[in-house]
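Enquirer: Once you've had a glance at the structure underneath, I'll fire off some questions.
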Amino acid sequence: MLKVSLDDLVGTIALDRYDKRNALSEDLVGRMLRTLDSFADGGIRVVILRAVGTHPIWSAGHDIDELPIAGADPLPYRDPMEVLLRRVRTYPGAVIAMVQGSVWGGACDLVFNCDLVVADESAAFAVTPAKLGVPYSVSGIQYFLSRLPLHIVNELMMTADPISAERALTHGIINRLVPAQDIESITAELAAVIRSRSAESIRAYKEQARLIVEAVPLTAQQAQYIHQLRLDVYSGRDYAEGVLAFEEKRPPDFG
Ligand code: YXS
């Protein structure tokens, strides 16, 4: 499910569950979390997150078969993928996503939460809650809005259609758009530069940047309202229909 390698304080985690299009199941995410913890314990300064091989799909996002049934929050705080997103944000070093192929749903959140993104022309990004009737997580929306202009986040969230690597470069989703044959060497070079810089300075910077981004004041009433907005959706008709349609391999009917 996962290929892990180390080279002079640079660690690589490669998704290897292509039969399920690298869907982020609890098992796969658990392995990623344990690897990140051991990398952090070992002082690994840069982590490259990629998929094994070059396939049309980088990751199909949250494992839909593991989404809770309608009426329960599909993205609770303790959801394994949510835990992974927080672990990437707090990893004490740079996490670089190396993307070949299309990225779906929560896997976009994972890639966007990495510190840098290197991609080739085959990359595309589709944020899909609206295809499944999922009320997205508040932290996910906050982080999207901290990285992208509102109209781009609106387009991603409201159409659930993929945007191309070219557009992702234009909007700053990816740092480098490179030819497929060069992506491994360019990612390794980028990792080597960061690895050679002050790990203490970078660790402090990353944590400061995270705290500044997260410092969005919300009143208690606003927090309750947000909870109600999400409860109404995951207890509603669309989420039940969205997950059922996926299981039945048919387009959802949202009326
Ligand atoms: O039928 P088998 O057993 O062969 O399994 C099929 C698919 O069911 C499985 N698979 C998945 N299983 C669990 N969770 C997934 N997200 C998932 N995606 C795929 O993989 C096997 C091959 O799938 P297939 O035949 O469709 O492959 P394909 O190459 O024709 O198409 C690849 C995709 C990625 C375009 C297609 O599988 C697809 O559209 N998958 C769903 C992408 C998506 O909507 N992901 C969002 C997941 S929900 C999530 O991330 C958040 C909760 S949210 O919704 O808020 O973003």
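Enquirer: Starting at the first residue of the stretch 148-154, write each ³J(HN,Hα) from the Karplus equation 6.51 cos²θ - 1.76 cosθ + 1.60 with θ = phi - 60°, in whole Hz, x for Gly and Pro.
Expert: In residue order, the calculated couplings are 10, x, 4, 5, 6, 4, 4 Hz.
Enquirer: On a 0 to 90 degree scale, rounded to 10, what angle separates helix 138-147 from the longest Cα axis of the chain?
Expert: Helix 138-147 and the main axis of the chain meet at about 50 degrees.
Enquirer: Hey, another quick one. Sorted by average packing, counted as other Cβ atoms within 10 angstrom per residue and highest first, what order do 110-122, 23-35 take? Write down the numbers at each step before the final one.
Expert: Details: 110-122: 22.2, 23-35: 18.8.
Going from most to least packed, we get 110-122, 23-35.
Enquirer: When the accessible area of the stretch 2-196 is split by element with a 1.4 Å probe, what percent falls to carbon and sulfur? Please report the intermediate quantities before stating the final value.
Expert: Numbers: 4370 of 7930 Å².
C and S fraction of accessible area: 55 percent.
Enquirer: Can you list residues whose amide H is under 5 Å from GLN100's amide H, if they're 5+ apart or on another chain and H is modeled 1.01 Å from N?
Expert: Correct list: ALA51.
Enquirer: I've got another one for you. Report the Cα centroid-to-centroid distance between the stretch 161-205 and the stretch 10-82 in angstrom, as an integer.
Expert: About 19 Å separates the Cα centre of the stretch 161-205 from the one of the stretch 10-82.
Enquirer: In addition: Run through all the Cα pairs of the chain and give the fraction in each 10 Å bin from 0, expressed as whole percent.
Expert: Cα pair-distance distribution for the chain, in percent: 7, 31, 37, 20, 5, 0.
Enquirer: Okay, next question. Using only the alpha-carbon atoms, how far is helix 237-247 inclined from the longest principal axis of the chain? Give it as 0 to 90 degrees, nearest 10.
Expert: Here the helix axis deviates by roughly 60 degrees.
Enquirer: Here is a follow-up. Can you give me the accessible area per residue for the stretch 141-255, using a 1.4 Å probe, in Å²?
Expert: Here the per-residue accessible area is 65 Å².
Enquirer: Further, regarding this structure: Enter the angle in degrees (range 0 to 90, nearest 10) between the Cα long axis of helix 199-214 and the first principal axis of the Cα atoms of the chain, meaning the one along which they spread out most.
Expert: The angle comes out near 20 degrees.
Enquirer: Along each principal axis of its Cα atoms, how long is the stretch 47-162 end to end? Whole angstroms, biggest number first, please.
Expert: Sorted from largest, the Cα extents of the stretch 47-162 read 38, 31, 30 Å.
The values are calculated or read from the model by the stated rules, or taken from the named source; none is laboratory data. Keep in mind that what you see is a predicted model, and the values were worked out from it rather than measured. A quick note on method: Cβ atoms are made from the backbone with ideal geometry, for glycine too, and the neighbour counts reach across all protein chains shown. Surface accessibility is based on the protein's heavy atoms, side chains included, excluding ligands, DNA and RNA. Shrake-Rupley method; radii C 1.70, N 1.55, O 1.52, S 1.80 Å.
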